[in-house]
Amino acid sequence: MNYRDTMKINAAGHLEIGGCDCVELARQYGTPLYVMDEEYVRSVCRAFKQTIEKTYGSGNMAYASKAFSCKAIYNVMKQEKTFIDVVSGGEIYTAASVGFDMSGAFFHGNNKTDGELELAMRTGVGTIVIDAADDAERIDTLARRFERVQNVLVRVNPGVEAHTHSYIQTAKVDSKFGFSVSSGAATAAIKDVLSRKNLHFSGLHCHIGSQIFDRSAFALAVDVMTDYMRELAGEGIEVETLNMGGGFGVHYTEEDPKYNVDEYCDYVSLLTRTLCECVERKNLKKPFFVIEPGRAVVGEAGVTLYSVGAVKDIPGVRKYVAVDGGMTDNIRPALYEAKYEAILANRANDEAKEKVSIAGKCCESGDIIIKDICLPEAKRGDLIAVFTTGAYCYSMASNYNRNAVPPVVFVRGGKSGYAVKPQTYEDIARLDAIPQTE
Ligand SMILES: *Cc1c(COP(=O)(O)O)cnc(C)c1O
């Protein structure tokens, strides 16, 4: 089970996170409930940031905020002095609204709208990542209107495939993201940028996939990217910033390795060592180095608490333990066949002697949070904690079946507080209207 320093089973046999008893949290805030371990988020940020500073020098981590986006998390990043990644107008708006210094934001997307680009200009987004044939032209035109020179990175596709679930791979040649290096499309895009007065070419970006544990994939990507930097240097083009993207793996189930903060430091220092070695061997100017972890920063910080409701036993077939949430707060099992671990958080020391499936309450047979897990015999009112739900759960939540999206509480040092307040039925119906079509 995924217990870290800030997580334990207390004397009452309850799961405790950040010094807060989960049974108490469920009583105070209700279920379903997303619980985020703020100290863990901060410690991973510090590990990434300090490792880059110590082993490389000039660089930073950019938190890929699509993993979990709300005011509170941007506020944490502001305090930890990280950069951020944003991929939409909504993320730009949210980050800017807490006074995040947007010069430290990278704006990504394979299809940025006019409105989003304007918002990026108005809020002073530091770097826009070119990822479409006409991005350079559109951003150049806007930057002229805003009387500025906009920093841009060009997202390239190094053709390195990380070993991961095929649905979430993005660096194959057949991808909607990035310009291919091998076809010459990347160099053409860079030359297009260089020809424009209101754009400044600051460097290269790549992102080779998600949930990657195979460090050699990252090392290979650094090698390929620095080969490409060498090629560009030959044409007199300097890469000031090298952004290697995110994709660092986290522990969901026992099939996944379990990294503590020190191991993330090792992971990052392998990257920086490889980069230092490549820069020296290929006689390059040392670029400013950026990585963009999302999942690794918030994934393991999150736990979802559910109350057990109906239990359906189909003798000889399967026992379903239904909870008061489901695919509306965690779409990943239905979307990617993602796997999770869970415990009975109110009776954590009881023997897990039953194989059951944890079902959601939504009207979809595929709404199963965990298929086949051993738990103590669960009864109505028991509390289930599902681990590693901090990334891509709240951010992908929906109001399917008009279920409310659960609130998010941050816990730290025995204190807890809302990061996202509970949605009411009025909130859900607030934007509904009756069209006058008669
Ligand atoms: C999704 C994404 C990330 C973060 O990926 P994780 O797997 O959450 O670390 C970083 N950069 C880009 C461009 C992305 O699309």
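Can you pull out every residue in segment 342-362 that is surrounded by fewer than 21 Cβ atoms within 10 Å (Cβ to Cβ) and more than 12 Å from LEU15 (Cβ to Cβ)?
Passing the criteria: ASP350, GLU351, ALA352, LYS353, GLU354, LYS355, SER357, LYS361, CYS362.
Do we have ILE52 as under 22 Å from ARG295 (Cβ atoms), surrounded by fewer than 24 Cβ atoms within 10 Å (Cβ to Cβ) and aliphatic (A, V, I, L, M) here?
yes
Would you mind finding the one in GLY413, GLY390 that is modelled with pLDDT of 95 or more, surrounded by fewer than 17 Cβ atoms within 10 Å (Cβ to Cβ) and of a type outside the set (Phe, Trp, Tyr)?
Just a single option satisfies the conditions, and that option is GLY413.
Check off (1) in a loop (DSSP other than H, G, I, E, B); (2) away from the ligand (no atom under 13 Å from the Cβ); (3) at pLDDT 95 or above for LYS258 and give me the number that stays unchecked.
Answer for LYS258: the failing condition is (3).
For segment 77-95: of the residues being within 16 Å of the ligand (Cβ to nearest atom) and assigned to a helix (DSSP H, G or I), which is surrounded by the most Cβ atoms within 10 Å (Cβ to Cβ)?
By that ranking, first place goes to ALA95.
Looking only at segment 391-438, count how many residues are under 23 Å from ILE369 (Cβ atoms) and assigned to a loop (DSSP other than H, G, I, E, B).
13
With respect to VAL317, determine if the residue is touching a residue at least 40 places away in the same chain (Cβ under 8 Å) and either within 15 Å of the ligand (Cβ to nearest atom) or of a type in the set (Val, Ile, Thr) (or both).
Criteria not met by VAL317.
Give the residue that is nearest to TYR74 (Cα to Cα), with candidates limited to residues of segment 283-307 that are more than 12 Å from the ligand (Cβ to nearest atom) and part of a loop (DSSP other than H, G, I, E, B).
Top of the filtered list is PRO287.
Among the listed residues ALA334, ALA429, which satisfies the condition of being surrounded by fewer than 19 Cβ atoms within 10 Å (Cβ to Cβ) and out of contact with any Asp or Glu (no Cβ under 9 Å at 6 or more places or on another chain)?
Matching residue, one of ALA334, ALA429: ALA429.
Of all residues in segment 368-409, how many are more than 15 Å from TYR340 (Cα to Cα) and within 16 Å of the ligand (Cβ to nearest atom)?
Looking only at that region, the number is 3.
Any chance segment 326-333 includes a residue that's within 16 Å of the ligand (Cβ to nearest atom), at negative phi and not basic (Lys, Arg)?
There is at least one residue in segment 326-333 that is within 16 Å of the ligand (Cβ to nearest atom), at negative phi and not basic (Lys, Arg).
Scan segment 266-282 residue by residue and report those that are within 16 Å of the ligand (Cβ to nearest atom) and in contact (Cβ under 8 Å) with a residue 60 or more places away in the chain.
The answer is VAL268, and nothing else.
Suppose we filter segment 26-72 for residues that are within 15 Å of the ligand (Cβ to nearest atom), part of a loop (DSSP other than H, G, I, E, B) and among the small types (Gly, Ala, Ser); how many remain?
Final tally of qualifying residues: 1.
Residues checked against (1) touching a helix residue (DSSP H, G or I) at 6+ places or on another chain (Cβ under 8 Å); (2) hydrophobic (A, V, I, L, M, F, W, C); (3) surrounded by fewer than 22 Cβ atoms within 10 Å (Cβ to Cβ):
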site	(1), (2), (3)
LEU220	no, yes, yes
VAL250	yes, yes, no
VAL261	yes, yes, yes
SER269	yes, no, yes
PRO287	yes, no, no
GLU300	yes, no, no
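Report the residue count in segment 194-217 for those that are over 18 Å from the mean Cα position of the chain (by Cα) and within 12 Å of the ligand (Cβ to nearest atom).
Final tally of qualifying residues: 0.
Given the condition of a type outside the set (Val, Ile, Thr), more than 16 Å from the ligand (Cβ to nearest atom), outside any loop (DSSP other than H, G, I, E, B) and within 21 Å of ALA67 (Cβ to Cβ), answer yes or no: does some residue in segment 335-346 qualify?
Yes: segment 335-346 contains one or more residues that are of a type outside the set (Val, Ile, Thr), more than 16 Å from the ligand (Cβ to nearest atom), outside any loop (DSSP other than H, G, I, E, B) and within 21 Å of ALA67 (Cβ to Cβ).
Output the number of residues of segment 132-163 satisfying the condition of being assigned to a loop (DSSP other than H, G, I, E, B) and either in contact with a helix residue (DSSP H, G or I) (Cβ under 9 Å, 6 or more places away or on another chain) or of a type in the set (A, V, I, L, M) (or both).
Adding up the residues that qualify gives 11.
Need pairs with beta-carbon distance below 8 Å; first residue more than 21 Å from ALA301 (Cβ to Cβ) and in contact (Cβ under 8 Å) with a residue 60 or more places away in the chain and within segment 224-252, second within 14 Å of the ligand (Cβ to nearest atom) and in a loop (DSSP other than H, G, I, E, B); sequence gap 6+ or separate chains.
Between residues of segment 224-252 that are more than 21 Å from ALA301 (Cβ to Cβ) and in contact (Cβ under 8 Å) with a residue 60 or more places away in the chain and residues that are within 14 Å of the ligand (Cβ to nearest atom) and in a loop (DSSP other than H, G, I, E, B), the close pairs are VAL224/PRO158; MET225/PRO158; MET225/CYS206; MET225/MET244; TYR228/PRO158; ASN243/CYS206; ASN243/GLU292.
The values are calculated or read from the model by the stated rules, or taken from the named source; none is laboratory data. It should be emphasised that the depicted structure is a prediction, and the values quoted were computed from it without experimental measurement. Every residue, glycine among them, receives a Cβ derived from its backbone with ideal geometry; neighbour counts consider all protein chains shown.
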